[in-house]
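J.: Can you read through this structure? Questions will come right after.
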Amino acid sequence: MNRRRFLARSSTACAGALGLLASPALLRAADPKDKTRIRIVYALHAPQQPGPDWPNKGFDFVPVMDRINRELTQRCPGFEFLPSLATGAEQAKKILEADQTASIDGYLVYQMNCWNQVVQTIATAGKPVLYADFQFAGSGGFLVYTSAFLRNKTPNVGFVASSKIEDLAAAVKCFDVVKQGGSVAQFVAATAQARTQSTPKPGSLACMADPVKSIAPEECLRRMKASHILAVRDQNAGPAEPQLGIPMDWVSFAEVNDAWKAADKDESHAVADRWQKNATLVEGVTRETLETSAAMYLGMKAVLKKHDANAITVNCLGGFYGGHIHAYPCLGFHELLNEGLVGACECDVQSTSTMVAMTALTQGRPGYISDPVVDTAKRQIIYAHCVAHNRAFGPQGPTNPFQILTHSEDRQGASVRSVLPLGYLTTTLKFDQGRKQIVFHRGKAVANDPDDRACRTKLCAEPLGDIEKLFTEWDQWGWHRVTYYGDLKEPVFALADALGYKVVEEA
């Protein structure tokens, strides 16, 4: 089911739940002259998530929303909160129409799922709007939409990106700026001040020694041209436009699936044995699923060999949900990355070409694609995905622990939680050949977050530089980034010069 049909179905469920979430205790009668009245608009698919998306299928948002409503009521005694749900622009418009006869002082829009476009409509009312992220759930949309507001200098939208309810409450109290006669611009400034004041000061950014043996830009360009990317998007096959000078071909789902079918059963069994032995935990994944995942790894290796390629990226969810492939490639990508090859998620050719370039530049270090989350409460950016290597320093380097779990969004198949090394400097970036730019930041690896919501691997880093600036580029670059271990600033800037690209430092 595509997203449009999914959201259309979900909107019916949400419409019926609007009244259920409005607790009488929260909507008690109040004199609007005395209380600041805030409409909370939760942007989500449905109160209980029916399909795969962040945070995960089956997730129950009702207790989360109840907790937010209750905590805000307790922490903001001079306020009255009116909770509502909206799946998209149409329901957001109906909320605004209904509020024309109410004395609403402002809106708190909470991004609960990633891509429900609600806040854009609410912002058109001109009232002060506070935009909040339910982290590991709405973070993709939150980052992309927030950066668009910042770029367009939307005058009435402030934002909060914190895992602490105290920080949310402090931002909500900024609505009183307008209630007491201040301007909407002063409200937005107050939310920014509340956010920066609650963000911890930088910790120690001293990192573990990690010398990187990078190659000269000219040699890197030569190796990139000698590489070959296979992109598995649909059932079409044929030549594709090169990426960063790297040759690329489209390969069909059918070819990959046939290679999966043809994988040697004994070899698949042996690979599954090795994964099961080496993983510190296998949970929710059957032995049969392990073996079908091993067959997918062997199938992808066979396709790479057939095409003399060293990188493959697969439209994994589209292929699996469409019945075109019958095993997730997550564990196969994990294995390819450990071998110095490239296995990349979601047929993201931009990130894949970035990985080919950087693995060549660092002589074999693997990167991994992520969907980042920014948490000001911890001064962290969290790189989340259901795929990652466990050889951060290259095929000959040490391994770190990893777990085999289901794919997070749908609780099916098999994926990887890699417990990555801490204390090291990381470099996160993405190349864009259309703009001839590289988006770039660095951070110190400080934690692995085990939260069950969203993707399995979650490496937390403290960014070097200005965490506030990290909110500004997502609308231009999309959500994905690619993370490598090592301080790669000098070699990346040198490669950019050789390519004729500009580096955009996003922190």
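J.: Taking the conditions exactly as written (in the same structural domain as ARG70 (by TED's automatic domain parsing), part of a helix (DSSP H, G or I), within 17 Å of TYR107 (Cα to Cα) and touching a residue at least 12 places away in the same chain (Cβ under 8 Å)), does LEU168 satisfy them or not?
T.: Spelling it out, LEU168 is indeed in the same structural domain as ARG70 (by TED's automatic domain parsing), part of a helix (DSSP H, G or I), within 17 Å of TYR107 (Cα to Cα) and touching a residue at least 12 places away in the same chain (Cβ under 8 Å).
J.: Which residue is nearest to the chain's Cα centre (by Cα), if the candidates are limited to region 74-131 and must be among the acidic types (Asp, Glu) and surrounded by fewer than 18 Cβ atoms within 10 Å (Cβ to Cβ)?
T.: GLU90
J.: Quick check on this structure: which one of PHE493, PHE440, PHE431 is without any contact (Cβ under 8 Å) to a residue 24 or more places away in the chain and either part of a strand (DSSP E or B) or of a type outside the set (Gly, Ala, Ser) (or both)?
T.: Result: PHE493 is the single residue among PHE493, PHE440, PHE431 that is without any contact (Cβ under 8 Å) to a residue 24 or more places away in the chain and either part of a strand (DSSP E or B) or of a type outside the set (Gly, Ala, Ser) (or both).
Results for (1) part of a helix (DSSP H, G or I); (2) buried (at least 22 other Cβ atoms within 10 Å of the Cβ), shown as yes or no for each residue.
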| position | (1), (2) |
| --- | --- |
| CYS174 | yes, yes |
| ALA192 | yes, no |
| PRO202 | no, no |
| ALA209 | no, no |
| LYS213 | no, no |
| GLU218 | yes, no |
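J.: Just checking, does region 446-460 include any residue being in a loop (DSSP other than H, G, I, E, B), surrounded by fewer than 17 Cβ atoms within 10 Å (Cβ to Cβ) and acidic (Asp, Glu)?
T.: Yes, that holds for at least one residue.
J.: Can you give me the number of residues within region 314-350 that are of a type in the set (Phe, Trp, Tyr) and in a loop (DSSP other than H, G, I, E, B)?
T.: Within region 314-350, residues that are of a type in the set (Phe, Trp, Tyr) and in a loop (DSSP other than H, G, I, E, B) number 1.
J.: I'd like to verify a number: residues in region 105-156 that are touching a residue at least 60 places away in the same chain (Cβ under 8 Å), of a type in the set (Ser, Thr, Tyr) and farther than 21 Å from ARG379 by Cβ, how many?
T.: Residues that pass the stated criteria total 3.
J.: Something else: State whether the residues of region 202-220 include one that is of a type in the set (Lys, Arg) and free of Cβ contacts under 8 Å to residues at least 24 places away in the same chain.
T.: No - not one qualifying residue is present in region 202-220.
J.: Restricting to region 320-375, and then to whatever is over 27 Å from GLY138 (Cα atoms), of a type in the set (Gly, Ala, Ser) and out of contact with any Phe, Trp or Tyr (no Cβ under 7 Å at 6 or more places or on another chain), can you tell me which residue is surrounded by the fewest Cβ atoms within 10 Å (Cβ to Cβ)?
T.: Taking the candidates together, the pick is GLY323.
J.: Out of HIS269, HIS228, which single residue is without any contact (Cβ under 8 Å) to a residue 40 or more places away in the chain and surrounded by 13 or more Cβ atoms within 10 Å (Cβ to Cβ)?
T.: HIS269
J.: Next up: Residues of region 410-427 being closer than 22 Å to ASP451 by Cα and either not in a loop (DSSP other than H, G, I, E, B) or not assigned by TED's automatic domain parsing to the domain that holds LEU221 (or both), which ones?
T.: GLN412, GLY413, ALA414, SER415, VAL416, ARG417, SER418, THR426
The values are calculated or read from the model by the stated rules, or taken from the named source; none is laboratory data. Since we're looking at a predicted model, the values are computed, not measured. Cβ atoms come from the backbone with ideal geometry, glycine included; neighbour counts cover every protein chain shown.
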